[in-house]
1. Whether any residue in the range 95-114 is modelled with pLDDT under 95 and surrounded by 15 or more Cβ atoms within 10 Å (Cβ to Cβ) is what I want to check.
2. Consider the range 84-95. How many of its residues are farther than 11 Å from residue 27 by Cα and part of a helix (DSSP H, G or I)?
3. Filter the range 107-125 for residues that are more than 19 Å from residue 71 (Cα to Cα) and either in contact with a strand residue (DSSP E or B) (Cβ under 8 Å, 6 or more places away or on another chain) or outside any helix (DSSP H, G or I) (or both) and give the result.
4. Does the range 71-78 contain at least one residue that is in a helix (DSSP H, G or I) and over 22 Å from the mean Cα position of the chain (by Cα)?
5. Any chance the range 9-19 includes a residue that's in contact with a helix residue (DSSP H, G or I) (Cβ under 7 Å, 6 or more places away or on another chain) and modelled with pLDDT under 95?
6. Check the range 96-106 and report whether any residue there is in contact (Cβ under 8 Å) with a residue 24 or more places away in the chain, part of a helix (DSSP H, G or I) and over 14 Å from the mean Cα position of the chain (by Cα).
7. Quick one: residue 81 ticks every box in (1) in contact with a helix residue (DSSP H, G or I) (Cβ under 7 Å, 6 or more places away or on another chain); (2) assigned to a helix (DSSP H, G or I) except a single one, so which number is it?
8. All but one of (1) part of a helix (DSSP H, G or I); (2) more than 20 Å from residue 108 (Cβ to Cβ); (3) without any contact (Cβ under 8 Å) to a residue 12 or more places away in the chain; (4) touching a helix residue (DSSP H, G or I) at 6+ places or on another chain (Cβ under 8 Å) hold for residue 45; state the number of the condition that does not hold.
C-alpha cells in the first residue's frame, strides 16, 4: 500500500522514498535524441561536402564513418552533460522529454537513409 507522507515523499511498506526531480532523466533522454540527430547531420554533411567528407575520415579503413560516429558520440556526451547541469534540479516531465527525443531520433534516422542524404550530393559527383 502506498501512502503520501506530509513531506510529499512516498512511503511503501515502511520504507520512505524521497521524491526526486526528473530533470536528469529527461536530460539523458533528450541527449540521446541529440546524438542521433548529430549522426544524421554528419551523414548528410559528408555527402554534401567533399571537404567535410575528407575531414570526417579519421581512420582510412573506416572512411568518413569513423568521424561521423566519433563526433556524434562526442556531441551526445557533451549535450548530456550540459542538459544534466541545466535540468539537475528541475521537475521536468519525462513524457515530454521522450516526445522531443523521438522527434530528434526520427530526424537523425532520416538523415542516415541513402535516398535522403544522396539528395544533398553535388551534381555530377
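The values are calculated or read from the model by the stated rules, or taken from the named source; none is laboratory data. The structure presented is a predicted model; accordingly, all values stated were derived computationally and were not measured. All Cβ positions, even for glycine, are placed from backbone atoms using ideal geometry, and neighbour counts span all protein chains on display.
1. Taking every residue of the range 95-114 in turn, none turns out to be modelled with pLDDT under 95 and surrounded by 15 or more Cβ atoms within 10 Å (Cβ to Cβ).
2. 1
3. Selection gives 121, 122, 123, 124, 125.
4. no
5. Within the range 9-19, none of the residues are in contact with a helix residue (DSSP H, G or I) (Cβ under 7 Å, 6 or more places away or on another chain) and modelled with pLDDT under 95.
6. Scanning the range 96-106, I find at least one residue that is in contact (Cβ under 8 Å) with a residue 24 or more places away in the chain, part of a helix (DSSP H, G or I) and over 14 Å from the mean Cα position of the chain (by Cα), so the answer is yes.
7. (1)
8. Going through (1) part of a helix (DSSP H, G or I); (2) more than 20 Å from residue 108 (Cβ to Cβ); (3) without any contact (Cβ under 8 Å) to a residue 12 or more places away in the chain; (4) touching a helix residue (DSSP H, G or I) at 6+ places or on another chain (Cβ under 8 Å) one by one, residue 45 breaks only (2).
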